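Undergrad: Pasting in a structure now, in structure tokens, and then I'll have a few things to ask.
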Amino acid sequence: MKKTLTFVDKVPKVENFFLSLSLLSRNFPAMASMEIDSEKTHERKQSDYTCLQDERFEIQKEMYRGQQYSQIYFARLHLMRTLLYSLAPSWKPHLPVCKVLGLEEGKECIIVGTLFKHMKLKPCVLDEYSKERSVTPLVKPRNFMHPDDSLILEDESGRVKLGGSALSPAVYVTGVVVALHGKETSAGEFVVEDVLEAGLPPQLERPLDHLKEDKYVLLVSGLSIGSNSSNPLLFQLLVDHITGHVSDDEELGLAAQIVHVVIAGNSVEFPRKLLTGQNMASKDQSTLYEPIKELDIMLNQIAAGVSVDIMPGLNDPANFALPQQPLNRCLFPGSAPYNTFRSCTNPHSFDVDNIRFLGTSGQNIDDLDKYSEAESKLDFVERTLRWRHLAPTAPNTLGCYPFTDRDPFLIETCPHVYFVGNQDKYDSRLVKGSEGQLVRLICIPKFCETGVAVAVNLKNLECHTRSFNIQL
């Protein structure tokens, strides 16, 4: 005898009563029942969500008056130097701290400043307008590293070329603030003997009550709806898993443990042939809006059952420079009425049950991959955490807003989970700090290409992949 299995979601508030009736009728037909051989009710677990940290990434009262980028570098150096000065006595207590202008030949000391990386292969915008052009087209390399690259340290007083083997040009990039132990040579070069980085920032203590039950935050990126490789059936499998519209009892139990969903950038992809900069016909306008429409339908179904954050990415209809501002809510007429739907900034920081998450849509790590070297993308992610800066290459090679009195990309509080979206493959690592900090680093793969989402357990910070495949 067949019995009924139901999956119960807390119905979110909808701002319009008549719209709520239509949305419920459209999105909850499967909540009625599914016939299988056992009787059990799965109720979605609840969690507390706060998103106060995103205020520093929002551009509200800022006003562009033609300012250049020197001010954001000064703000970065001032804040990081204060921190490194406080760490120097315990690092090298017997050495004095000097400015670049105060260096003396042969005298060991500590200097603090911003690194500048001189790169032979670094692209220059002026090359596009050069009168002497090569007959053969220039091939853009994936990485601009060269054996002759060198590092320079500068502060307000001056700059000095760095030497020695303690500081590798392959690891560091322009914009990183460090403290260096060494001495100046007769040639005017500062030979580095040791390096002090800021290290992991202080971390909020994890609450002990998380040891009771499993709750998951699901991380997805690179949906690329509208691209040639996108598959609507793959997206629907993801939506059905999140909302519990599946017949397998074990999968229903997993779905009930998802308390929050994050979509980390590159959700849509527009046909390049339509983006000509010219006025478009009404037919082309409709074609251009189609990926957004499909994304809204997908978000509509997810927001009906669980809270969801969507971050802008490189390919999304948002500003190019970091921090990217939230996607306009008018793009999502079906999802925006839900109080469980949130359009967020990139970078994005939030708390779920007092577990702090910090993440980007991947531009910061992709840029580091162009101008430095590492064995894996997670090495780049860990470096930004130890440098206490989300985007050290901004504004040098990564576009960002010219802030005048602050640098919003400084990491002041250590997250428990640090994720980066739109990477080629999934990877994860648990990093421990010198003061007991524990951080889960995650590279989220492109869902459109891999069909992989990442689930993070709030109880113990463990994570695993959930794969969705379509075999015809």
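The values are calculated or read from the model by the stated rules, or taken from the named source; none is laboratory data. Note that the structure is a prediction, hence the values are computed from the model and not measured. Cβ atoms come from the backbone with ideal geometry, glycine included; neighbour counts cover every protein chain shown. These area figures cover heavy atoms from the full protein model, side chains too; ligands, DNA and RNA do not enter into them. Shrake-Rupley method; radii C 1.70, N 1.55, O 1.52, S 1.80 Å.
Undergrad: What part of the accessible area of the chain, given as a whole %, is carbon or sulfur when the probe is 1.4 angstrom?
TA: Percent of accessible area from carbon and sulfur atoms in the chain: 51.
Undergrad: How large is the accessible surface per residue of the chain, computed with a 1.4 Å probe and reported in Å² as a whole number?
TA: Accessible area per residue, the chain: 49 Å².
Undergrad: Let me ask you something else. Please list, or write none, the aspartates and glutamates whose alpha carbon is within less than 17 Å of the alpha carbon of Lys459, excluding same-chain residues fewer than 8 places away.
TA: Once the sequence-local aspartates and glutamates are set aside, what remains near Lys459 is Asp48, Glu205, Asp209, Glu213, Asp214, Asp351, Asp353.
Undergrad: Something else: Positive end of the dipole of the chain, charges at C-beta (+1 Lys, Arg; -1 Asp, Glu), about the Cα centre: which of Pro147, Gln46, Ala256 has its Cα farthest in that direction?
TA: Comparing the listed Cα positions along the dipole, Pro147 ranks first.
Undergrad: Compute the acute angle (0 to 90°) between the alpha-carbon long axis of helix 17-27 and the principal axis of greatest extent of the alpha-carbon atoms of the chain; round to the nearest 10°.
TA: 80
Undergrad: Set the Förster distance to 22 Å, then compute FRET efficiency between Tyr85 and Ala170 from the Cβ-Cβ distance, nearest 0.05. Show your work: numbers first, answer last.
TA: On the way: r = 28 Å, r/R0 = 1.25.
Plugging the Cβ-Cβ distance into 1/(1 + (r/R0)^6) gives 0.20.
Undergrad: Considering the dipole of region 347-463 built from charges on the beta carbon (Lys and Arg +1, Asp and Glu -1) around the Cα centre, which of Leu385, Leu438, Leu398 is farthest to its positive end?
TA: Leu438
Undergrad: Size of the dipole of the chain about the Cα centre, Lys and Arg at +1 and Asp and Glu at -1 on the beta carbon, nothing else charged, in debye to 20?
TA: For this selection, approximately 600 debye.
Undergrad: Okay, next question. Relative to the Cα centre, what is the charge dipole magnitude of region 146-299, using +1 at the beta carbon of each Lys and Arg, -1 at the beta carbon of each Asp and Glu, and rounding to the nearest 20 debye?
TA: The dipole magnitude comes to about 580 debye.
Undergrad: Mind checking the log10 I(q)/I(0) for the chain at q = 0.07, 0.10, 0.11 Å⁻¹? Debye, one equal scatterer per Cα, no solvent, two decimals.
TA: -0.43, -0.82, -0.96
Undergrad: Write down the percent of antiparallel bridges among all DSSP beta bridges whose residues are both part of the chain, to the nearest 5.
TA: 60
Undergrad: Step through the table entries Lys45/Lys377; Lys120/Lys446; Lys92/Lys432, compare each Cα-Cα distance with 28 Å, and write down the pairs that go over it.
TA: Beyond 28 Å: Lys45/Lys377; Lys120/Lys446.
Undergrad: Could you run the Karplus curve 6.51 cos²θ - 1.76 cosθ + 1.60 with θ = phi - 60° over region 258-264 and give me ³J(HN,Hα) per residue in whole Hz, x for Gly and Pro?
TA: Those phi angles translate into 7, 9, 7, 10, 10, 9, 9 Hz.
Undergrad: Just to confirm a number: summing +1 for Lys and Arg and -1 for Asp and Glu over residues other than Pro291 whose beta-carbon lies under 12 angstrom from that of Pro291, what do you get?
TA: Local charge sum for Pro291: -4.
Undergrad: Among the aspartates and glutamates, which have Cα under 17 Å from the Cα of Lys61 when same-chain residues fewer than 8 positions away are ignored?
TA: Within the straight-line cut-off, Lys61 pairs with Asp405, Asp407.
Undergrad: Which value in nm describes the separation of the simple spin-label points at Asp249 and Val97, placed 7 Å from the Cα toward the beta carbon?
TA: Simple spin-label model gives 6.4 nm for this pair.
Undergrad: In debye, nearest 20, what is the charge dipole magnitude of region 343-440 about its Cα centre with +1 on Lys and Arg Cβ and -1 on Asp and Glu Cβ, if you could check?
TA: That gives region 343-440 a dipole magnitude of about 140 debye.
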